[in-house]
Amino acid sequence: MARWSWRDKSIAFAVETAYGTENTTGAEFLTTAFPAEVGVPSHVRELEEFEASTAQVGAFEPPAPGSKHGGSFSVRMPIRTLKAGYTAATDQPGVTDDVVSHEILLWANALGSDASSGNTTENFRKGLHLHDEPHYDASGTRAGTTSTIVKLPTGEGTKWKPGSFVVANTNVSDTATQIGFVESIATDDATLFEAAQNTAATADKVYSTATAYLSGEEPQSLTFRIVGDETQFALIYMGCIATGWTLEATPGKTPMLEITYDYTDRKWDTTAGSLLSKDAFERLPPALGGSGAYFTLDGAEKCIADLTISQANTIAYVPCHSGAQGYTDLVVTDRALSASFAIVHGSGDTVTGDEHDFEYRLTQGSTLSLGLYIGNTIGKILGILCPAWHVTEQPQPELIDGLMYHRVSVRPSEYTGDGDGTVDAVQNSIFRVGIA
């Protein structure tokens, strides 16, 4: 008899037609795995104990087994961006299936983004629940491009939206790529939220992008399958909703994303097992300057350590007698974003009165912006923008390798700085993840 070694497993998912209803027909996602570390799931069940009298000393009546709702599991994965062998002219996020990696699709769903547009596995695969800019243009940027402005090809300005991710360079192997988030558009001039590290040259190409962002939409519920190397080894989880995620973006390391899911129903299946073929997407390079990585604080490049960004979702499940496990719907009642980083203390640090810069920001309630950009070749680029966040607790002195650092914790403030344009939900969003 075979035994299930947990190391030998595959995980795949599909969008559900209704909360908790297993998707058994999402052929692509249920037969193509994505590379992830999967924690051993927790299995729960409501049990009712009855203090009934028994006919024997020390005996108990069996409990009444109830709902399996409320168990959880986590997936941890290196972030990937676009499909392997990405072709800029034909592979369009929001148009072409399987251009955007499964990690980014899951992240966007956890954020809410335009979740209602990803209401089928097919739409999910296309990335319709992200803000997509499928506007590859080989005709080239116009003269006068700067690090803060992408001069889009003539007539292209009406296609792009403030808040979206934009990149431009000479060709897919060019590493001097201009990367940023659009703050405003005037005719065909796209002004960036902050200066890019590189400046596009005249006649550079502008590439299609996809942007995930925080929104008030409820995420789509998913069916996950975790299968082993034998037909009899399969666990299926229904009604999976992201309760939170954490991004670890350590300098020199590959960015790692962990998403935790609650589910409403589960089952062991002895016919759905066997390992799945793996999907093919480009992995984001480690966060190194040689691969275009840099971090910004208030628009200026800074060196930091231990950057983590997290979201915790508070979810209210709607009870219902006719629900398979006693629930038929859900509402995300709170979306708590936070970030933490350590920054070394230096002689040039600002001290106002007797308070260090980040202490002063805390007492004044002032905001700061955070930006993270990794990758410089098309198909393997990611940008993150936190446009207006504030310090949320007393910064703590901390020693790292004997050096004095400030440990800083921040969370979002309101943001309305994106300029006029064709309004889209991505505009003025307080957290964004762009890929190209």
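The values are calculated or read from the model by the stated rules, or taken from the named source; none is laboratory data. Predicted model, so just to flag it, every value in this text is computed and none were measured. Every residue, glycine among them, receives a Cβ derived from its backbone with ideal geometry; neighbour counts consider all protein chains shown.
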- Which residues, counting only those in the stretch 330-348, are more than 24 Å from F193 (Cα to Cα) and either β-branched (V, I, T) or surrounded by fewer than 16 Cβ atoms within 10 Å (Cβ to Cβ) (or both)? V331, V332, T333, D334, V344, H345, G346, S347, G348
- Kindly provide the set of residues from the stretch 278-309 that are surrounded by fewer than 16 Cβ atoms within 10 Å (Cβ to Cβ), assigned to a strand (DSSP E or B) and modelled with pLDDT of 95 or more, ordered by number. A300, E301, K302, T308
- Task: Within the stretch 388-429, track down each residue that is closer than 23 Å to Y207 by Cα and either polar (S, T, N, Q) or not in a loop (DSSP other than H, G, I, E, B) (or both).
- Result: T422, Q427, N428, S429
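Hey, can you tell me all the residues within the stretch 327-356 that are in a loop (DSSP other than H, G, I, E, B) and either of a type in the set (D, E) or closer than 24 Å to A115 by Cβ (or both)?
Across the stretch 327-356, the qualifying residues are D349, D354.
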- When E359 is run through (1) surrounded by fewer than 18 Cβ atoms within 10 Å (Cβ to Cβ); (2) charged (D, E, K, R); (3) farther than 30 Å from E28 by Cβ, the failure sits at (1)
- Before we move on, is T211 in contact with a strand residue (DSSP E or B) (Cβ under 6 Å, 6 or more places away or on another chain), surrounded by fewer than 20 Cβ atoms within 10 Å (Cβ to Cβ) and in contact (Cβ under 8 Å) with a residue 40 or more places away in the chain? no
- Task: Scan the stretch 127-143 for residues that are under 13 Å from A190 (Cβ atoms) and either modelled with pLDDT under 90 or buried (at least 23 other Cβ atoms within 10 Å of the Cβ) (or both) and jot them down.
- Result: E133, D137, T141, R142
- Message: Here's a check for you: in the stretch 19-41, which residue that is of a type in the set (G, A, S) and either at pLDDT 95 or above or under 21 Å from the mean Cα position of the chain (by Cα) (or both) is nearest to A324 (Cα to Cα)?
- Response: G20
- Query: Among strands (runs of 3 or more DSSP E) lying entirely in the stretch 157-257, which contain 1 or more residues that are within 22 Å of A339 (Cβ to Cβ)?
  - Reply: 165-169, 178-186, 189-192, 209-213, 234-249
- Item | First in the stretch 267-286 and farther than 19 Å from L105 by Cα, second anywhere and assigned to a loop (DSSP other than H, G, I, E, B) and of a type in the set (D, E, K, R), Cβ under 7 Å, 6 or more apart | G273/E230; S274/D229; S274/E230; L275/D8; L275/D229; P286/K253
- Looking at G375, G379, which one is touching a Lys or Arg at 6+ places or on another chain (Cβ under 9 Å), surrounded by 19 or more Cβ atoms within 10 Å (Cβ to Cβ), at positive phi and touching a residue at least 60 places away in the same chain (Cβ under 8 Å)? G379
- Selection within the stretch 274-293 - over 11 Å from G375 (Cβ atoms) and of a type outside the set (G, A, S): L275, L276, K278, D279, F281
- Being among the hydroxyl-bearing types (S, T, Y) and either crowded, with 21+ Cβ neighbours inside 10 Å or over 15 Å from G163 (Cβ atoms) (or both) is the filter; apply it to the stretch 383-436 and report the residue that is nearest to the chain's Cα centre (by Cα). S429
- Message: Out of the residues in the stretch 188-206 meeting the condition of being of a type in the set (S, T, Y) and either farther than 24 Å from Q427 by Cα or modelled with pLDDT of 95 or more (or both), tell me which one is surrounded by the fewest Cβ atoms within 10 Å (Cβ to Cβ).
- Response: T202
- Quickly run through the stretch 221-265 and pick out the residues that are in contact with a Gly (Cβ under 9 Å, 6 or more places away or on another chain) and free of Cβ contacts under 8 Å to residues at least 40 places away in the same chain. A234
